[in-house]
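Input: a single structure, listed below in structure tokens.
The values are calculated or read from the model by the stated rules, or taken from the named source; none is laboratory data. Please read all numbers here as calculations on a predicted model, not as lab measurements. For neighbour counting, all protein chains shown are included, and Cβ atoms are generated from backbone atoms with ideal geometry for every residue, glycine included. Surface accessibility is based on the protein's heavy atoms, side chains included, excluding ligands, DNA and RNA. Shrake-Rupley method; radii C 1.70, N 1.55, O 1.52, S 1.80 Å.
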Amino acid sequence: MFRVMLVEDDARLAQLVMEYLAGYEFTVDLVMRGDAALERFKALSPDVVILDLMLPGLDGMVVCRQIRELSETPILILTAREDSYDEVSVLEQGADDFVNKPVQPRVLLARLRALLRRAQGKAGNADPAALEFGALSIIASDRVVTWRGEHCLLSNTEYKLLLVLAESAGRVLSRDALLKKMRGIEFDGLDRSIDNCISKLRRKFDDVDSEKIKTVWGEGYLFSPSAWA
């Protein structure tokens, strides 16, 4: 059985989620305040976190960032907001995926299972060897990125995207392929989170001419292994 920490202040919705997931071998622990979430997370050590954004005591964005600073535990955001800016923001704070309210239980279950499969795959395939491209070094087992000899601070989403690109160096990856590898979902034609994150990576790695991470028009993005001198 998997342990889920559900951070949600809507008692009716929480009860619905708890009852549904209990039928699929999930143990669910409910937390109803944002300012209680971090300590409960430390005590429970859950396999996955379901986190509402609008919480009493502390905003869900802050809670997400606090948890991500401590752990790589998958975080699934529940949101009633439909602003794409908010969706990009939660991913940049370290969330792994999000589901819009009103929640469809089957969709929630599918997303949870996808997150857990990816987490288990990472745990089983951790490789201490570094990916080296010129002045760039990525040690996936320690989640450490160095650029020109200095530690590079990346958000969780930036790190995941860089790692996916680097692992497929020399190959063009479509937005659909990138989203599937990072979040287990398909590109809907409107999601701009990949493009926004690529722009941030280019700024952080002095890629003003888009030579390190190339845009292949009509196809996607390509990590150029020879451009990281």
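What to note about this one:
- Relative contact order, percent, the chain [alpha-carbon distance under 8 Å, six or more residues apart]: 14
- In the context of the full set of protein chains, segment 13-102 has a per residue accessible area of 45 Å² (1.4 Å probe).
- Between the Cα long axis of helix 193-204 and the first principal axis of the chain there is an angle of about 50°, rounded to the nearest 10.
- Each residue, residue 209 and residue 71, gets one label point 7 Å from its Cα in the Cβ direction; the gap between the two is 4.6 nm.
- Helical contribution to [θ] at 222 nm, DSSP H n ≥ 4, -39,500 (n - 2.57), averaged over the chain, rounded to 500: -12500 deg cm²/dmol
- Given their separation in residues at 0.36 nm each and the Cα-Cα distance between them, residue 176 and residue 117 gain 19.4 nm when the chain is fully extended.
- C-alpha long axis of helix 60-70 to longest principal axis of the chain, angle in °: 60
- Fully extending the segment from residue 109 to residue 89, taken as 0.36 nm per residue of separation minus the present Cα-Cα distance, adds 4.9 nm.
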